[in-house]
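The values are calculated or read from the model by the stated rules, or taken from the named source; none is laboratory data. These numbers come from a predicted model, not from an experiment. As a convention, Cβ positions derive from the backbone with ideal geometry for all residues, glycine included, and neighbour counts pool all protein chains shown. These accessible areas exclude ligands, DNA and RNA; they are computed on the full protein's heavy atoms, side chains included. Shrake-Rupley method; radii C 1.70, N 1.55, O 1.52, S 1.80 Å.
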Amino acid sequence: MAAQPVVSPATSADPMISLMGVGKRYPDGTVAVGDLSFDVPAGELLCLVGPSGCGKTTTMKMINRLVEPTSGRIVVAGEDVTRTDPVRLRRRIGYVIQQVGLFPHLTVRANVGTVPRLLGWDRARVRTRVDELLELVGLEPALMGARYPHELSGGQQQRVGVARALAADPPVLLMDEPFSAIDPIARDRLQAEFLRLQREIRKTIVFVTHDLDEAIRLGDRIAVFRQGGSLEQIDPPARILGRPATDFVAGFAGSDRALRRLAVTPLRRDDLDPPRPAKGPIAAEAPGGPSPGQPQARVREGASLREALAALLAQDRDSLDVYAGDAVVGVLTPAGLHAALRRSVAADAAREPATDPAGSDAAEKA
């Protein structure tokens, strides 16, 4: 019998999205999605990753019935979507795609206000909501509202797409590789802006991406799919990287997954050596001891180990002051950074679930 996928428990007693035995099989016998069962709690950002043709986009599209499931049930906000009018359903679920899909003949303001107008909102309410959302995604309403899509950069168009998806304040947002067509610099900025936005609005988001690094950066949890539409593991990013449940997940995460784990492991005070004692007037050096004129990146307690490593490598020293506010709370060394990473891995090992296909062998390693 095939091993069951590892699914970390939802963090809420009342999930916003539930998939129960959901599958998609086409008339020719092709199985696009196997037997899926998992919950997405309210406010979570779940990233779906996997190789091309593994069913991640099909899974997402079944949630708003752009693709009809052939088996199982999907419940969104307590309502079975298979028994809901699909048009009404889609007006209550935000949807953002890679190609943005803005209406070229409508202004930015009109694009963002599309769904509220369809819902019968009055003109003043639509305008107020549009201005609020444009500001929220970092676009000046007075400057950008009257422009047309062809007058915007790719990153600006993507921001408008996110604003439009949020216009009617939907509880659920579906995002299908929304940043993949953007250049790397703009993509990095959009990801950072999107994280800021999600901290403010806390929507329940299903986010499809082929980029594991993007999933690690954005996701509260990651669902790893494989060919044939089967689900291998759903867990927080650090656990996907540190304790892959199957050989497939380990291979998909890559042999450098320990380095990727740096991005999701926070720097804690007990990872640090004590602060250096002050040296009186001679201590006019820059923090961390570089010579004057050699600025040091300021790394704060709670930053990722990846940020800390980058700061260490950027200076000609083997240690780095770490700050809380304006105070130095400790010194990070390469040995401390390595110990922090091992501590994170060991913590995951100690929480090894009984459903792990590795079974007793994993428990012994813990």
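Points to keep in mind about this one:
- Total residues in region 21-33, condition open to solvent by 20 Å² or more (accessible area, probe 1.4 Å) and within 28 Å of P170 (Cα to Cα): 2
- Residue in region 28-44 that is at pLDDT 90 or above, of a type in the set (D, E, K, R) and over 27 Å from P178 (Cα atoms) present: yes
- Within region 208-220, not a single residue is over 21 Å from P51 (Cβ atoms) and of a type in the set (V, I, T).
Let's see how each residue does on (1) over 20 Å from the mean Cα position of the chain (by Cα); (2) open to solvent by less than 60 Å² (accessible area, probe 1.4 Å):
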position: R202; (1), (2): no, no
position: R226; (1), (2): no, no
position: L231; (1), (2): no, yes
position: D271; (1), (2): yes, yes
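- Residue pairs whose Cβ atoms lie under 6 Å apart, separated by 6 or more positions or on different chains, with the first residue in region 177-197 and without any contact (Cβ under 8 Å) to a residue 60 or more places away in the chain and the second open to solvent by less than 30 Å² (accessible area, probe 1.4 Å) and part of a loop (DSSP other than H, G, I, E, B), are R187/F179; L190/F179.
- Restricting region 150-176 to residues that are of a type in the set (D, E) and without any contact (Cβ under 8 Å) to a residue 60 or more places away in the chain, the residue that is farthest from R90 (Cα to Cα): E151
- Out of A250, A314, sole residue that is modelled with pLDDT of 85 or more and either acidic (D, E) or over 30 Å from L46 (Cα atoms) (or both): A314
- Members of region 150-187 that are surrounded by 15 or more Cβ atoms within 10 Å (Cβ to Cβ), among the charged types (D, E, K, R) and over 17 Å from the mean Cα position of the chain (by Cα): R164
- Within region 204-214, considering residues that are more than 19 Å from P170 (Cβ to Cβ) and not in a helix (DSSP H, G or I), the one least open to solvent (accessible area, probe 1.4 Å): T209
- Looking only at residues in region 68-88 that are hydrophobic (A, V, I, L, M, F, W, C) and more than 19 Å from G43 (Cα to Cα), the one that is modelled with the highest pLDDT is V81.
- Just one residue in the set R217, R239 is open to solvent by 40 Å² or more (accessible area, probe 1.4 Å), outside any strand (DSSP E or B) and of a type outside the set (D, E); that residue is R217.
Condition check ((1) outside any loop (DSSP other than H, G, I, E, B); (2) within 29 Å of the chain's Cα centre (by Cα); (3) modelled with pLDDT of 80 or more) across all residues:
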residue: R261; (1), (2), (3): yes, yes, yes
residue: G288; (1), (2), (3): no, no, no
residue: P295; (1), (2), (3): no, no, no
residue: G302; (1), (2), (3): no, yes, yes
residue: R306; (1), (2), (3): yes, yes, yes
residue: D361; (1), (2), (3): yes, no, no
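- Filter pass, T204 being of a type in the set (S, T, Y) and touching a helix residue (DSSP H, G or I) at 6+ places or on another chain (Cβ under 9 Å): no
- Yes/no for T57 being at pLDDT below 95, polar (S, T, N, Q) and open to solvent by 60 Å² or more (accessible area, probe 1.4 Å): no
- Among the residues making up region 83-94, those that are open to solvent by less than 70 Å² (accessible area, probe 1.4 Å) and either assigned to a loop (DSSP other than H, G, I, E, B) or of a type in the set (G, A, S) (or both) are T84, G94.
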